[in-house]
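Rule-based calculations on the coordinates, nothing more; no lab input. Just so it is clear, the model here is predicted, and its values are computed rather than measured. FYI the Cβ positions are ideal-geometry reconstructions off the backbone, even for glycines, and counts take in every protein chain you see.
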Amino acid sequence: MLDLFDPQERVVIGEQAVLMRGRALAVDTALLAAIDAIAGRASFRRMVTPGGYEMSVAMTNCGRVGWVTDRTGYRYAPHDPATGRPWPPLPDVFATLAHDAATEAGFADFFPDACLVNCYEPGARLSLHQDKDEQDYRHPVVSVSLGLPATFQFGGLKRGDRPLKVPLTHGDVVVWGGASRLVFHGVLALKDGDHPLTARRRFNLTFRKAL
Ligand code: MD3
Ligand code: FE
């Protein structure tokens with residue numbers, strides 16, 4: 001039988017925004033084991049925004065710096081504010097996947113120094129925002145989705161631009177660069193489900209060159 005399903009499909013979402021469906025599948029269990037090890041050293045926590053709201057997404061980090069928010073603002077910090085210790089290093093399986101996916105999307109020499117690890121439980125969402133806390137927007141952002149599927153919102157350069165809805169499923173990798181680097185984006189409330197590898201959760205890795 002002719003099988004038209006391509007597990008490694010590439011979808012162009014926007015100008016220099018490329019979705020590589022299933023690109024992380026070959027290393028999914030290694031990525032999830034590494035997330036477990038990171039969370040054992042730097043726990044997932046729900047951070048507080050400058051406006052005083054507790055985020056519904058739980059976060060931790062690995063790499064030289066990690067993204068943090070509290071009542072004083074957003075920033076990249078070399079230490080976990082919960083413990084005062086450095087963030088765990090970027091696991092090799094993370095660094096290799098992020099670098100290789102960026103290269104395949106046309107961004108050579110991407111060596112991320114920060115990886116934000118997001119954990120979504122049913123109902124958790126991320127409202128439309130821009131990623132603007134990095135020094136040099138010429139570097140792309142690489143994201144990896146694991147576990148339950150989510151609906152990603154890909155907007156424009158203005159908050160009011162109507163966002164495109166893109167389903168992101170287990171193993172998907174997206175490289176966002178160039179004209180898409182500063183677009184507004186978000187994630188709709190996670191629907192409940194039961195994933196064979198992550199149960200009722202979705203993880204997202206976001207790789208950035210922050211410094
Ligand atoms: C487009 N995370 O952590 S990944 C974030 O699924 C974040 O957890 C989402 O947005 C998540 O900041 C979306 C996709 C993504 C990440 C960064 C981007 C898309 C982006 C930066 C610029 C443009
Ligand atoms: Fe973002």
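Every residue, every condition in (1) within 12 Å of ligand 1 (Cβ to nearest atom); (2) at positive phi; (3) buried (at least 21 other Cβ atoms within 10 Å of the Cβ), yes or no:
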| site | (1), (2), (3) |
| --- | --- |
| A105 | no, no, yes |
| F110 | no, no, yes |
| G123 | no, yes, no |
| L164 | yes, no, no |
| P167 | yes, no, no |
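Quick check on my filter: what residues within region 132-147 are more than 9 Å from ligand 1 (Cβ to nearest atom) and under 14 Å from the mean Cα position of the chain (by Cα)?
Within region 132-147, L146, G147 meet the criteria.
Taking L157 as meeting all but one of (1) in contact (Cβ under 8 Å) with a residue 40 or more places away in the chain; (2) surrounded by fewer than 16 Cβ atoms within 10 Å (Cβ to Cβ); (3) more than 24 Å from L97 (Cβ to Cβ), write down the number of the exception.
(1)
Looking at S180 and the list (1) near ligand 1 (Cβ under 9 Å from one of its atoms); (2) touching a Leu at 6+ places or on another chain (Cβ under 7 Å), which single condition is not satisfied?
S180 satisfies all of (1) near ligand 1 (Cβ under 9 Å from one of its atoms); (2) touching a Leu at 6+ places or on another chain (Cβ under 7 Å) except (2).
Picking from T49, T29, T72, T96, which residue would you name as being under 20 Å from F110 (Cβ atoms) and out of contact with any helix residue (DSSP H, G or I) (no Cβ under 6 Å at 6 or more places or on another chain)?
Testing whether each residue is under 20 Å from F110 (Cβ atoms) and out of contact with any helix residue (DSSP H, G or I) (no Cβ under 6 Å at 6 or more places or on another chain) leaves just T96.
Just to be sure before I move on: is F203 among the aromatic types (F, W, Y) and either part of a loop (DSSP other than H, G, I, E, B) or within 13 Å of ligand 2 (Cβ to nearest atom) (or both) in the structure I sent?
So F203 fails the test.
Could you give every pair whose Cβ atoms fall below 9 Å, whose first residue belongs to region 161-180 and is without any contact (Cβ under 8 Å) to a residue 12 or more places away in the chain, and whose second residue is away from ligand 2 (no atom under 14 Å from the Cβ) and in a loop (DSSP other than H, G, I, E, B), counting only separations of at least 6 or pairs across chains?
R162/G156
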